[in-house]
Amino acid sequence: MSTEMIQLFKPWYDDREIEAVAEVLRSGWVGLGPKTAEFEKRFAQFSGAACCVGLNSCTAALDMAMRLLGVNHGDEVIVPTVTFVSTAHCIAYNLGTPIFADVNERTLDLDATDVARKIGPRTKAIIAVHYGGRPVDMDALKQVAGSIPIVEDCAHATGARYKGRSVGGLGAVGCFSFHAVKNLAMGEGGALTINDKQMAQRAKRLRWLGIDKGTWDRTALDKSYWWEYSVDEIGLKSHLNDVHAAIGLVQLAKLEEANRRRRAIVDAYRQAFADIPQIRMPAPDDADFESAWHLCEILAESRDELSVFLQERNISTGVHYKPIHLYRCYGNRPSLPVAEGLFPRMLSLPLHPGLTDEQVRYIIATLRRFYGK
Ligand SMILES: Cc1ncc(COP(=O)(O)O)c(C=O)c1O
């Protein structure tokens with residue numbers, strides 16, 4: 001019996017993150033500044049996109065993506081129903097209508113066939129969620145989408161690769177989350193990746209109330225009067241700051257190692273549950289689909305009883321997600337049979353790089369015991 005609760009997620013920090021934060025605090029520049037710029041440069045290289053804009057969350061990045069693509073009143077944007085509500089809220093923020101699509105039975109990500117059925121004259125964009133960290137089949141989706149821009153919601157997928165290419169540079173815009181429990185964890189943070197340099201410049205203004213120069217740009221680079229700036233359109237205040245960016249730089253350097261450990265834990269679960277017919281493991285990686293393994297979402301018979309059994313033995317679990325078209329805020333939406341059918345069996349097992357081998361063995365043994373093994 002584990003005496004300590006085993007967390008579902010946990011950031012993987014050591015003295016390097018603590019030192020990085022201390023360095024920023026000592027420097028006296030804790031807002032939007034040089035660490036944010038450095039993170040943006042490194043993350044653009046990492047994701048393969050030409051530009052990266054640091055933001056305070058993936059929700060802000062998704063909202064920005066909608067704005068950049070011109071989503072407005074009367075426009076429809078297609079989203080999968082198995083996702084976090086941010087993926088659809090960002091459409092409503094911009095007065096558009098989310099059109100929910102069903103998910104692929106095996107991978108739980110956007111079902112391209114259902115997307116094809118839902119495309120209409122008002123479809124302005126499609127948001128593809130790389131669910132659990134596994135890349136969406138972007139080539140198949142692009143065939144269906146034609147000229148409609150695809151936004152990648154990469155909240156789960158930092159470090160994932162599709163046909164050898166990093167996610168975030170595969171569609172029109174990529175949106176990342178660096179929230180406390182994500183693969184690259186800053187506490188709070190996000191980024192938008194994009195190839196269009198003009199749109200990236202606009203995003204940099206819009207994250208800073210629409211002001212055309214950040215305080216850092218004004219002090220470090222600009223030779224005009226320090227107080228002078230223009231505001232041509234109204235933006236939010238949604239930029240990344242240097243404290244979080246400094247944590248992000250350390251986390252980025254550790255990301256491959258962290259994701260390797262995540263993959264090894266999922267492999268251990270997969271091997272250990274192979275003889276339990278009541279459990280279905282997530283789709284495995286192959287040459288084309290390399291997941292970042294943010295989630296280990298299993299489909300489990302007697303899910304509710306299992307989650308209580310694990311909780312009572314100090315193992316936290318979660319459910320990602322109740323299909324979001326069922327939430328009242330989106331009104332009455334037509335039924336999406338695959339997602340609704342799978343939801344009662346969905347369960348996320350603990351998955352983070354800091355899990356010890358002993359904890360993994362304990363989780364495996366406890367789950368096996370539940371099913372009488
Ligand atoms: C699929 C998905 N999209 C977007 C978000 C929003 O991310 P953030 O918390 O950084 O705003 C999340 C957060 O969990 C998510 O899981």
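Kindly provide the set of residues from the range 244-253 that are more than 14 Å from GLU40 (Cβ to Cβ) and surrounded by 19 or more Cβ atoms within 10 Å (Cβ to Cβ), ordered by number. Spell out the reasoning first.
Initial filter on the range 244-253 (more than 14 Å from GLU40 (Cβ to Cβ)): 247, 250-251, 253.
Correct list: ILE247, VAL250, GLN251.
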Any chance you could count how many residues in the range 182-202 are surrounded by 24 or more Cβ atoms within 10 Å (Cβ to Cβ) and away from the ligand (no atom under 16 Å from the Cβ)? 1
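Mind listing whichever residues of the range 107-129 are within 12 Å of the ligand (Cβ to nearest atom) and touching a residue at least 40 places away in the same chain (Cβ under 8 Å)?
Within the range 107-129, LEU108, ILE127, ALA128, VAL129 qualify.
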Taking the range 166-180 and keeping residues outside any loop (DSSP other than H, G, I, E, B) and away from the ligand (no atom under 13 Å from the Cβ) leaves SER166, VAL173
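Being away from the ligand (no atom under 16 Å from the Cβ), basic (Lys, Arg) and either at pLDDT 95 or above or not assigned by TED's automatic domain parsing to the domain that holds ALA60 (or both) is the requirement here; does LYS213 meet it? Before you say what the answer is, go through the steps one by one.
Working: away from the ligand (no atom under 16 Å from the Cβ): yes; basic (Lys, Arg): yes; either at pLDDT 95 or above or not assigned by TED's automatic domain parsing to the domain that holds ALA60 (or both): no.
Here the answer is no, as LYS213 does not meet what is asked.
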Looking only at the range 167-181, count every residue that is over 12 Å from CYS52 (Cβ atoms) and surrounded by fewer than 24 Cβ atoms within 10 Å (Cβ to Cβ) and tell me the total. 4
Does the range 104-115 contain any residue that is hydroxyl-bearing (Ser, Thr, Tyr), surrounded by fewer than 17 Cβ atoms within 10 Å (Cβ to Cβ) and in a helix (DSSP H, G or I)? yes
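Looking at the range 30-62, which of its residues are part of a helix (DSSP H, G or I), within 13 Å of the ligand (Cβ to nearest atom) and surrounded by fewer than 24 Cβ atoms within 10 Å (Cβ to Cβ)?
Result: THR59, single match.
Considering only residues that are assigned to a loop (DSSP other than H, G, I, E, B) and more than 12 Å from the ligand (Cβ to nearest atom), which ones fall in the range 82-103?
Applying the first criterion (assigned to a loop (DSSP other than H, G, I, E, B)) to the range 82-103 yields 82-85, 94-96, 102.
Correct list: ASN94, LEU95, GLY96, ASP102.
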Residues in the range 130-147 that are over 13 Å from LEU170 (Cβ atoms), in contact (Cβ under 8 Å) with a residue 60 or more places away in the chain and in a loop (DSSP other than H, G, I, E, B): how many? 1
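The values are calculated or read from the model by the stated rules, or taken from the named source; none is laboratory data. All values derive from a computational prediction rather than experimental measurement. Neighbour counts run over all protein chains shown; Cβ positions are idealised from the backbone, glycine included.
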